[in-house]
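First comes the structure, then the notes that go with it.
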Amino acid sequence: MTVNVNTLRPLAGSGRKLYIETYGCQMNVGDTEIVVSLMQREGYVYTERMEDADVILINTCSIRDNAEQRIWGRLAELKGLRRRRPGLVVGILGCMAERLREKLLDGATGVDVVAGPDAYRDLPRLVREAEAGGKGVNVLLSTEETYAEIAPVRLDRNGVSAFVAIMRGCNNYCSYCVVPYTRGRERSRDASTIVAEAQSLFDNGYREVTLLGQNVNSYRTGDVDFPELLRRVASVSPLLRVRFATSHPKDMSDRLLETMASMPNICRSIHLPAQSGATTMLERMNRKYTREWYLGRIAAIRRYMPDCSITTDLIAGFSGETEEEHRETLSLMREVGYDFAYMFKYSERPGTYAQRHLPDDVPDDVKSRRLQEIIALQNELGLASYRRDVGREFEVLVEGESKRDANQLSGRTSQNKVVVFDRGEHRVGDYVRVRITGCTAATLFGEALE
Ligand code: SAH
Ligand code: SF4
Ligand code: F3S
């Protein structure tokens with residue numbers, strides 16, 4: 001057992017086992033690593049086996065109704081386990097905890113702990129309360145919490161790439177979106193702690209960091225804005241690749257593009273969610289840009305970095321969507337030629353502006369058909385993008401063995417495309433020059449050139 005030298009009091013966890021499951025976006029993945037760190041400090045031991053756990057935490061997502069349905073399904077599955085293991089503590093973290101605190105505590109599927117995204121420092125106390133037979137609840141949102149000095153426990157274990165959260169919350173209030181309500185106000189994490197974390201990752205063998213936030217390009221602390229932060233992180237070493245997600249088109253400045261273009265270790269890959277290709281629709285979505293503005297930003301990206309990949313998010317069937325607006329989304333996709341896209345059917349979220357003021361009036365079969373058209377087009381565009389790479393050379397950062405064949409390695413290009421090639425003498429964490437010889441719609445195949 002470890003001893004907490006700071007306070008010399010017995011640790012609450014004292015070797016009890018913690019299991020945690022994560023749903024939703026990369027922010028949640030990063031938060032889970034912070035939660036494990038906070039719980040380990042209290043003497044809990046992380047386990048990958050749910051059957052061994054004394055405490056089960058589920059880090060949840062509310063972005064669409066089906067995300068929440070999955071969690072309810074998971075809680076129903078846990079009911080049996082709870083019956084067999086009377087001392088077991090089950091807790092809900094994350095966005096659904098924030099949105100559905102009361103509902104999560106009652107009824108047959110009721111849980112013992114509910115902790116919102118800004119309440120994780122309080123988790124050891126909440127779990128203790130549950131262990132004592134009560135309920136541990138804290139869903140207070142903060143305007144300041146960034147967990148700035150907490151060293152996340154890296155659970156991914158490829159040892160090459162890691163997420164680093166640089167901001168939390170969102171102030172954009174896109175009319176369809178629940179995030180500003182579940183994550184609270186936007187706040188940026190102190191720059192020196194971000195650079196220190198990147199440095200320590202690099203010193204421990206990591207070769208790639210992804211800076212995370214709902215809207216990273218509005219990052220600001222004191223006189224450090226996002227381009228400056230990116231420059232500082234990329235200056236840790238030319239061997240450290242830097243990625244970031246997500247950017248909002250309204251804040252995609254030329255200065256950011258200039259900074260990217262000036263440092264080759266900032267990856268040539270931008271995720272720029274369009275949501276829709278129709279200005280009238282973008283207005284209902286409260287996205288604060290037009291189709292023309294968006295295409296102007298795409299042109300700027302191509303000007304600064306002709307080899308940059310561009311990916312996006314699209315929503316089909318939002319309130320009042322006409323056939324013409326849908327066709328404008330398809331034409332935007334063709335005009336940009338996205339390398340990859342996340343595509344969703346609109347799901348009305350309680351409490352959002354849209355739920356209160358804009359009817360969810362596109363029939364479900366129409367939403368589905370439009371989504372299918374978007375997906376079919378993206379399959380074409382994605383395959384074309386991968387085919388264009390055949391015959392070209394790329395620097396690939398090796399992340400692991402290929403899942404299919406242990407004699408092959410798998411890594412990614414600066415453009416974020418997966419490349420599989422023969423292992424040779426190369427190792428995980430190496431940069432390897434690879435010539436692309438073939439592809440599918442999601443993978444490039446190649447041969448190492450050295
Ligand atoms: N902050 C990021 C994305 C956050 S959520 C951004 O603004 O780009 C990820 C994606 O989920 C969004 O880009 C959007 O495409 C989708 N999404 C959000 N709310 C949704 C809803 N109510 N229905 C369907 N898709 C939604
Ligand atoms: Fe949601 Fe819009 Fe904020 Fe993204 S920018 S998290 S879509 S409100
Ligand atoms: Fe989901 Fe919350 Fe992320 S709603 S997408 S987990 S910010």
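The values are calculated or read from the model by the stated rules, or taken from the named source; none is laboratory data. Here the structure is a predicted model, which means the values were calculated and not measured. Cβ coordinates were reconstructed from backbone atoms using ideal geometry, including for glycine residues, and neighbour counts include every protein chain displayed. Side chains included, ligands, DNA and RNA excluded: accessible areas come from the protein's heavy atoms. Shrake-Rupley method; radii C 1.70, N 1.55, O 1.52, S 1.80 Å.
For this structure, a couple of remarks:
- For the range 278-303, the set of residues classified as open to solvent by 50 Å² or more (accessible area, probe 1.4 Å) and more than 16 Å from Asp251 (Cα to Cα) consists of Thr280, Glu283, Arg284, Arg302, Arg303, listed by residue number.
- If you go through the range 289-316 and pick out every residue that is within 16 Å of ligand 2 (Cβ to nearest atom) and of a type outside the set (Ser, Thr, Tyr), you end up with 6.
- Hits in the range 320-336 (condition: over 28 Å from the mean Cα position of the chain (by Cα) and small (Gly, Ala, Ser)): Gly320
- Selection from the range 377-399 of residues that are in contact with a Gly (Cβ under 8 Å, 6 or more places away or on another chain) and surrounded by 13 or more Cβ atoms within 10 Å (Cβ to Cβ): Leu381, Ser385, Val390, Phe394, Val396, Leu397, Val398, Glu399
- Taken over the range 206-236, the residue count meeting the criterion of being out of contact with any Cys (no Cβ under 7 Å at 6 or more places or on another chain) and open to solvent by 30 Å² or more (accessible area, probe 1.4 Å) is 10.
- Any strands (runs of 3 or more DSSP E) falling wholly within the range 206-317 and containing at least 2 residues that are within 16 Å of ligand 3 (Cβ to nearest atom) and farther than 25 Å from Leu155 by Cα: 309-316
- When Glu145, Glu102 are checked against the criterion of being more than 16 Å from ligand 2 (Cβ to nearest atom) and either touching a His at 6+ places or on another chain (Cβ under 6 Å) or free of Cβ contacts under 8 Å to residues at least 24 places away in the same chain (or both), Glu102 stands alone in meeting it.
- Taking first residues from the range 288-306 that are in contact (Cβ under 8 Å) with a residue 60 or more places away in the chain and partners that are open to solvent by 50 Å² or more (accessible area, probe 1.4 Å), the Cβ contacts under 6 Å between residues at least 6 apart in sequence or on separate chains come to Lys288/Lys250.
- Tallying residues that are open to solvent by 30 Å² or more (accessible area, probe 1.4 Å) and over 23 Å from Tyr206 (Cβ atoms) within the range 240-261 yields 7.
- All conditions in (1) away from ligand 2 (no atom under 12 Å from the Cβ); (2) crowded, with 22+ Cβ neighbours inside 10 Å; (3) of a type in the set (A, V, I, L, M); (4) closer than 24 Å to Lys288 by Cβ hold for Val178, with the sole exception of (1).
- Test for Tyr346: is it under 21 Å from the mean Cα position of the chain (by Cα), closer than 25 Å to Thr311 by Cβ and loosely packed, with under 15 Cβ neighbours inside 10 Å: no
- Matching residues, the range 151-167, being within 14 Å of ligand 3 (Cβ to nearest atom) and open to solvent by 10 Å² or more (accessible area, probe 1.4 Å): Phe163, Ala165
- Meets criteria (in a loop (DSSP other than H, G, I, E, B), in contact (Cβ under 8 Å) with a residue 12 or more places away in the chain and under 21 Å from His357 (Cα atoms)) for Ser175: yes
- Selection count where residues are within 15 Å of ligand 1 (Cβ to nearest atom), surrounded by fewer than 22 Cβ atoms within 10 Å (Cβ to Cβ) and farther than 14 Å from Asn215 by Cα, scope the range 181-202: 1
- Here Gly107 fulfils each of the conditions (1) at pLDDT below 95; (2) in a helix (DSSP H, G or I) apart from (2).
- Cβ pairs under 8 Å, 6+ apart, first in the range 324-349 and farther than 16 Å from Leu371 by Cβ, second within 16 Å of ligand 3 (Cβ to nearest atom) and of a type in the set (Gly, Ala, Ser): Arg349/Ser62
- Any hit, the range 334-346, residues being modelled with pLDDT of 95 or more and farther than 30 Å from Arg412 by Cβ: yes
- Of the residues making up the range 310-337, those that are within 13 Å of ligand 1 (Cβ to nearest atom) and under 19 Å from Leu295 (Cβ atoms) number 6.
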